[in-house]
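Here's the structure we're looking at; comments come further down.
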Amino acid sequence: MTSVDLSGARVLVAGATGVLGGGVARALHREGARLALAGRDERKLAALADELGGVPTAVFDAQYLDRCAAVVDEAADALGRLDVVVVAIGVAAFGPGDETDDAVTEHLLTVNTMAPMAMVRAAVRRFGDGGTVAVLSAILADYPTAGMAAYTASKAGLSAWLTALRSELRRRGVAVFDVRPPHIETGLADRAIAGTAPPMKAGATVDEVVALIVEGIRTGRRELRYDLLKGEFAGR
């Protein structure tokens, strides 16, 4: 594993207006990283940028893949280079797989799978020697769940892509960190684009997951997953 000195590292946090993304941005700021922020909510993005000392920002909607790639280039230009890119974006949807319509499935696959792919591809093009991408998929990649078939597919597809990409980029020194957290009370399930979330017990707190993400970036981890049987995080 390749460690990352976060003090002075040039980092883009995409999805910074979300609960987890915002938490990661604040934690990296405390570590001394030089940040650029990207998110969909312009007002929240501006407020967070001010809180962190006036860092550069870019607004994007993850349904537009060209824009997803563009914000990575904008961050690299603003910071002079990129050392780390954190992708913390996603939407949720619920309901039986045979009842989930094509429009909902396409939305899930675009935002949860293809948008992170576009950002990672853009990041790799802008990295010099080395570089780290840390991408949030979900526990669903390890535990496909009834009533969440399309949602599961979007997260599992992303996780599988990251696993293959890791092998492809190893010789170039690029670290690929796949973060697959359990359910966390971020409000994402309450904003589902379809269906109603079943009762779910939170497996971790936001602060716990944020700390594990930052430590995983620092130490060059390949993955962070949650063992449901043991009720604890594991990784390598």
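Here are a few things to note about the model shown:
- Residue check, D50 over 29 Å from E185 (Cβ atoms) and part of a helix (DSSP H, G or I): no
- Flag for L162 being surrounded by fewer than 20 Cβ atoms within 10 Å (Cβ to Cβ), within 24 Å of V19 (Cβ to Cβ) and under 14 Å from the mean Cα position of the chain (by Cα): no
- Answer from T145, T110 - the residue that is β-branched (V, I, T) and at pLDDT below 95: T145
The rows are residues; the columns are (1) on the phi < 0 side of the Ramachandran plot; (2) free of Cβ contacts under 8 Å to residues at least 60 places away in the same chain.
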{"position": "G8", "(1), (2)": "no, yes"}
{"position": "L20", "(1), (2)": "yes, no"}
{"position": "T57", "(1), (2)": "yes, yes"}
{"position": "F60", "(1), (2)": "yes, yes"}
{"position": "C68", "(1), (2)": "yes, yes"}
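- Residue under evaluation A150, criteria (1) touching a strand residue (DSSP E or B) at 6+ places or on another chain (Cβ under 7 Å); (2) crowded, with 17+ Cβ neighbours inside 10 Å; (3) small (G, A, S), criterion not met: (1)
- When restricted to residues that are hydroxyl-bearing (S, T, Y) and in a loop (DSSP other than H, G, I, E, B), the range 108-136 contains 0.
- Residue in the range 35-56 that is under 25 Å from T2 (Cβ atoms) and surrounded by fewer than 16 Cβ atoms within 10 Å (Cβ to Cβ) present: no
- Only one of the listed residues (T105, T100) is surrounded by 18 or more Cβ atoms within 10 Å (Cβ to Cβ), more than 22 Å from V214 (Cβ to Cβ), in contact with a Phe, Trp or Tyr (Cβ under 9 Å, 6 or more places away or on another chain) and among the β-branched types (V, I, T). That residue is T100.
- Qualifying residue in the range 196-217 (condition: within 19 Å of Y143 (Cα to Cα), touching a Phe, Trp or Tyr at 6+ places or on another chain (Cβ under 9 Å) and of a type in the set (D, E, K, R)): no
- Scan of the range 137-169 for residues that are closer than 27 Å to G203 by Cα, part of a helix (DSSP H, G or I) and small (G, A, S), ordered by number: A141, A149, A150, A153, S154, A156, G157, S159, A160
- All of L136, L109, L140 fail the test of being closer than 20 Å to A69 by Cα, in contact with a strand residue (DSSP E or B) (Cβ under 7 Å, 6 or more places away or on another chain) and not hydroxyl-bearing (S, T, Y), apart from L136.
- Count - residues of the range 173-227 that are outside any loop (DSSP other than H, G, I, E, B) and either touching a residue at least 60 places away in the same chain (Cβ under 8 Å) or touching an Asp or Glu at 6+ places or on another chain (Cβ under 8 Å) (or both): 21
- Which listed residue is of a type in the set (D, E) and either under 21 Å from H107 (Cα atoms) or buried (at least 17 other Cβ atoms within 10 Å of the Cβ) (or both), from D178, D129, D207: D178
- Filtered residue count, the range 64-100, keeping only those that are more than 24 Å from V19 (Cα to Cα) and either in a loop (DSSP other than H, G, I, E, B) or β-branched (V, I, T) (or both): 4
The values are calculated or read from the model by the stated rules, or taken from the named source; none is laboratory data. Worth saying up front: this structure is predicted, and the values here are computed from it rather than measured. Using ideal geometry, Cβ is built from the backbone for each residue, glycine included, and neighbour counts are taken over all protein chains shown.
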